[in-house]
Each structure stands twice: as structure tokens, then as C-alpha cells.
Amino acid sequence: MAKTGTTTKGLRSAIERSGYYPALVAEAVEAAVGGEPVASYLVHQETTFDSNEVRRHVTVLVLTGNRFIVSHTDEQPADGTSPSPYATTSTESVKVSRISSVVLSRVVANPESYTPGTLPREVVLTIGWGAVSRLDLEPATCGDPNCEADHGYTGSTTADDLSLRVSEAADGPDTVRQTLAFAQALSEATAASTSAGPPQ
């Protein structure tokens, strides 16, 4: 389930509608937001299957005038550290000016007959701000298939701080639409932050 909107009251309602430990999630998110007005938000709940266990996870994204806030809450079964099930929640607050990339990948069916405004069947929102990077390395070669020299390694780094996938089949068309709306709001905020330049 994903919900998006532009008010603090709406944010609280969306968290409550998700039904996923709403008191815990709302307290953590509201503490991170503080008194700032909410420009946009997205609440996305996922259910995953781990061996024979079902686990739930909720991600809350909030955009304020100058910050991007990410909250994750996961539930865990009883284990060696806790005799009863427990949940962990974390929040991270990032200045909008620090966001280095907002990538929105869209998957559309029958692209040959695509018409503007048609909802993608799946979207993946990836946001990078430099906290986490993925490094992919492979042995470098010179192109000579008989060469046995060590040419070191070649690779690439990718900003991969947050990746959120929603699909029409699993989450419903409203969730896809809401993710597109949040991605647009975040992209516009980062563009405005960039054009404003550094503070004088």
C-alpha cells in the first residue's frame, strides 16, 4: 500500500491506514519531521517471505521544504537477542541539496501503442545522496584473448541509498500513481535546490 499527499494530518492518516504498527511508525516519522510543513509524502508497505516466515516492512518518505526524510520499520521474530518478537524503526534526514540523483524507471506494456498519460505497469524509484554506493568490479582485459597479463580491475559505482519498487499487479494502480507523484515532487525540489545555488 502506498499513499501520497501534502499535509501532516494526511501523513498521519496514511500511516494509520497502513495498519503497520501505526503508533510506532507515526511517532518516529513525526519526530523526524518536527514542525516543518510537509510538501509530499509516500507510505509503502511490503510483505516478504523469508523461508517459512512472513515479514512486513514499511517505508515512509517525506519531503519538506528543505529536507528529505526516510523511515524504515521492520518486524523481527523472537531470536537469541529477544525472547519475543520485536520491531526496529529508523529515520534518516537528508538536506534536499545533498540528493545527487532521483531515478525513476518505468515499465510499460505494448510500447508500440503507448499513449501519453498511460500508467506504467511498474515503477522503480531510486534515490541517491551519497550515504551508500554499490561498487561493481570485474577483471580488466586488453582485448587480446591470448594475453595473460594482469590488467587490474575495472568497474563502476552506483548511488544506491534507496530503491523502492511498486507494480500495478502487486500494489494497485493508485500506488503506482502515488509513487510517480512523489518522484515528481522530489525531482522538482532537487531542481529548485540546485538552481538556487549555495547560500550567500
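Structural remarks
- Residue within segment 105-123 that is in contact with a His (Cβ under 8 Å, 6 or more places away or on another chain) and either at positive phi or open to solvent by 10 Å² or more (accessible area, probe 1.4 Å) (or both) present: no
- Set Ala39, Ala31: member being under 15 Å from Gln178 (Cα atoms) and open to solvent by 40 Å² or more (accessible area, probe 1.4 Å): Ala39
- Going through (1) within 20 Å of Val29 (Cα to Cα); (2) open to solvent by 50 Å² or more (accessible area, probe 1.4 Å) one by one, Val58 falls short only on (2).
- Among the residues making up segment 31-71, those that are without any contact (Cβ under 8 Å) to a residue 40 or more places away in the chain, within 12 Å of Ser93 (Cα to Cα) and either acidic (Asp, Glu) or in a strand (DSSP E or B) (or both) are Thr64, Arg67.
- Test result for Gly10, of a type outside the set (Asp, Glu), in contact with a Pro (Cβ under 8 Å, 6 or more places away or on another chain) and within 19 Å of Ala181 (Cβ to Cβ): no
- Considering residues of segment 95-104 that are open to solvent by 60 Å² or more (accessible area, probe 1.4 Å) and among the polar types (S, T, N, Q) only, the residue farthest from Ala31 (Cα to Cα): Ser100
- Residue check, Lys9 surrounded by fewer than 14 Cβ atoms within 10 Å (Cβ to Cβ), over 25 Å from Arg121 (Cβ atoms) and either in contact with a helix residue (DSSP H, G or I) (Cβ under 9 Å, 6 or more places away or on another chain) or in contact (Cβ under 8 Å) with a residue 12 or more places away in the chain (or both): no
- Flag if Tyr20 is modelled with pLDDT of 85 or more, in a loop (DSSP other than H, G, I, E, B) and closer than 16 Å to Leu164 by Cβ: yes
- Screening segment 129-178 for strands (runs of 3 or more DSSP E) wholly inside it with 1 or more residues that are under 19 Å from Tyr41 (Cα atoms) and either at pLDDT below 85 or open to solvent by 50 Å² or more (accessible area, probe 1.4 Å) (or both) returns the ranges 162-167.
- Sole residue being open to solvent by 50 Å² or more (accessible area, probe 1.4 Å), part of a strand (DSSP E or B) and acidic (Asp, Glu), chosen from Glu75, Glu92: Glu92
- Hits in segment 61-72 (condition: open to solvent by less than 70 Å² (accessible area, probe 1.4 Å) and among the polar types (S, T, N, Q)): Thr64, Ser71
The values are calculated or read from the model by the stated rules, or taken from the named source; none is laboratory data. Since the structure is predicted, the reported quantities are computational estimates derived from the model, not experimental observations. A quick note on method: Cβ atoms are made from the backbone with ideal geometry, for glycine too, and the neighbour counts reach across all protein chains shown. In case anyone asks, the SASA skips ligands and DNA or RNA and just uses the protein heavy atoms, side chains included. Shrake-Rupley method; radii C 1.70, N 1.55, O 1.52, S 1.80 Å.
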